[in-house]
Amino acid sequence: MRFRNRADAGRQLAAQLTKYAGRSDVLVLALPRGGVPVAFEVAAALAAPLDVFLVRKLGVPGHPELAMGAIAAGGVEILNEALIRDLGVPSALVEQTAVRERIELERRDQLFRGGRRPAIVRDRTVVLVDDGLATGSTMEAAIVALRQHAPERIVVAVPVGARNTCDRIRRIADRLVCLQTPEPFNAVGQWYDAFEQTGDDEVIRVLAAADRTATYAHGL
């Protein structure tokens, strides 16, 4: 089964998350950028607030689509030591990549939030959404970083993922909802008819739309 686009994937994903609908303790967090349009549909269906949780993939030099690790807020850094060793990536190059991506993470935090404070995570059920799980490095970094904020529960929700990655994420999240684990997996984009890159402007637009929806729902 393929998804038409990220919005279609989000609506199908939301149908498997109905137990979290209409609850005041639920917060939907998206991993930018591709996870945002998916999470928008989930948040709308659950009548839950939406925010972003910033994580940056550490791409292998020369092969940026291949993750050798990830970073997240709070100084969290997850490295795929086996991959780094197998590819012979020097530690200095790994560090340079991490420094560059942390600068980009901070830039996006300012851009996407526009000065808004991050949503409160403590004691809440967090539904953490992305458009798919390939290596899972960014999702793993997000979970580790979120744990520092003491949520009641972390529910990872994705439309599609590699089976081995899903097995690993299931062990560190409180729950994993993944609609498909096809074999062979190859890449997240293979399971979407339309998988254009999500731009910064789209992320800002979607977050603004989510804010308007929340304001209307609360009659403010």
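Please treat every number below as a calculation from the coordinates, not as lab data. Everything numeric in this text was worked out from a predicted model, so none of it was measured. Quick reminder, even Gly has a Cβ in these numbers, built from the backbone with ideal geometry, and neighbours come from all protein chains shown.
A few remarks follow.
- Ranked by how many other Cβ atoms sit within 10 Å of their own Cβ, fewest first, the residues Thr18, Thr125 fall in the order Thr18, Thr125.
- Kirkwood Rh, angstrom, the range 137-186 [1 / mean 1/r, Cα pairs]: 11.3
- Cα gyration tensor shape for the range 89-145, rounded if a/c is under 1.5, else prolate or oblate: oblate
- Ratio Rg/Rh, restricted to the range 44-93 and using Cα atoms, in which Rh is the Kirkwood radius: 1.18
- Packing rank of 95-104, 134-143, 40-49, where each peptide gets the mean count of other beta carbons within 10 Å, highest leading: 134-143, 40-49, 95-104
- GNM top mover of Asp201, Asp131, Asp25 - the chain, alpha-carbon springs below 10 Å: Asp201
- For the range 102-220, the fraction of alpha-carbon pairs lying more than 23 Å apart is 42 percent, rounded to a whole number.
- Distance distribution P(r), the range 76-115, all Cα-Cα pairs, bin width 10 angstrom from 0: 25, 41, 23, 11, 0 percent.
- Dimensionless Rg over Rh [the chain; C-alpha; Kirkwood]: 0.95
- For the range 109-177, convex hull of alpha carbons as volume per residue, Å³: 90
- For q = 0.18 Å⁻¹, Debye-computed log10 I/I(0) when each Cα of the range 1-45 counts as one equal scatterer: -0.49
- Long-range amide H partners of Thr135 with built H, under 5 Å: none
- Max mean-square fluctuation residue, GNM over the chain, Cα-Cα springs under 10 Å, options Pro159, Pro37, Pro118: Pro118
- From phi via Karplus (6.51, -1.76, 1.60), per-residue ³J(HN,Hα) for the range 121-138 in Hz, x at Gly/Pro: 9, 3, 6, 10, 8, 9, 9, 9, 10, 9, 7, x, 10, 9, 7, x, 4, 5
- Taking every DSSP helix (H) stretch of at least 4 residues in the chain, weighting each as -39,500 (n - 2.57) and dividing the sum by the residue count yields a mean residue ellipticity at 222 nm of -13000 deg cm²/dmol.
- Compactness of the range 1-91 as Cα Rg over 2.2 N^0.38 Å, two decimals: 1.37
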